[in-house]
1. If you check 16, 20, which single one turns out to be over 24 Å from residue 78 (Cβ atoms), modelled with pLDDT of 95 or more, β-branched (Val, Ile, Thr) and in a helix (DSSP H, G or I)?
2. Are there any pairs, at least 6 apart or on different chains, whose C-beta atoms fall under 7 Å, with the first in the stretch 34-62 and under 15 Å from residue 22 (Cβ atoms) and the second at pLDDT below 80 and not polar (S, T, N, Q), and if so, which?
3. Taking the criterion of being part of a helix (DSSP H, G or I) and β-branched (Val, Ile, Thr), would at least one residue in the stretch 34-48 satisfy it?
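The values are calculated or read from the model by the stated rules, or taken from the named source; none is laboratory data. A quick note: this is a predicted structure, and the numbers were derived from the prediction, not measured. Glycine gets a Cβ as well: all are built from the backbone with ideal geometry, and neighbour counts include every protein chain shown.
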Amino acid sequence: MTTAIAIWIALGIATISLAIYRKVLAQHEDTSIHLAHGGVSMVEGQAAMATKLAAIDKYGKLLTIATFALGLAIGGVYVYEALLAVPV
């Protein structure tokens, strides 16, 4: 059980770290729409940033789901063991 809790904590830290990384990365994002011919390089940069943020979002969702599922499993095992320990 201790190993599962350690893994759950590590997953939680990884999820929070990824969220902080995404927040820092998104601060440098240019949200303006560039339509002029001179903004072609800016459009490419925006597309690259959007792709990177989409990938980070995908992994963030997966980590969040894994953290939540493992937490539920640990909670379920804890409740099950507590119910077994109650004398009848």
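1. Being over 24 Å from residue 78 (Cβ atoms), modelled with pLDDT of 95 or more, β-branched (Val, Ile, Thr) and in a helix (DSSP H, G or I) holds for just one of 16, 20, which is 20.
2. Qualifying pairs under 7 Å: 49/29.
3. Checked against the condition, which is being part of a helix (DSSP H, G or I) and β-branched (Val, Ile, Thr), the stretch 34-48 yields at least one hit.
This table checks each residue for (1) among the aliphatic types (A, V, I, L, M); (2) in contact with a helix residue (DSSP H, G or I) (Cβ under 6 Å, 6 or more places away or on another chain); (3) assigned to a helix (DSSP H, G or I).
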{"site": "3", "(1), (2), (3)": "no, no, yes"}
{"site": "10", "(1), (2), (3)": "yes, no, yes"}
{"site": "54", "(1), (2), (3)": "yes, no, yes"}
{"site": "70", "(1), (2), (3)": "yes, yes, yes"}
{"site": "79", "(1), (2), (3)": "yes, no, yes"}
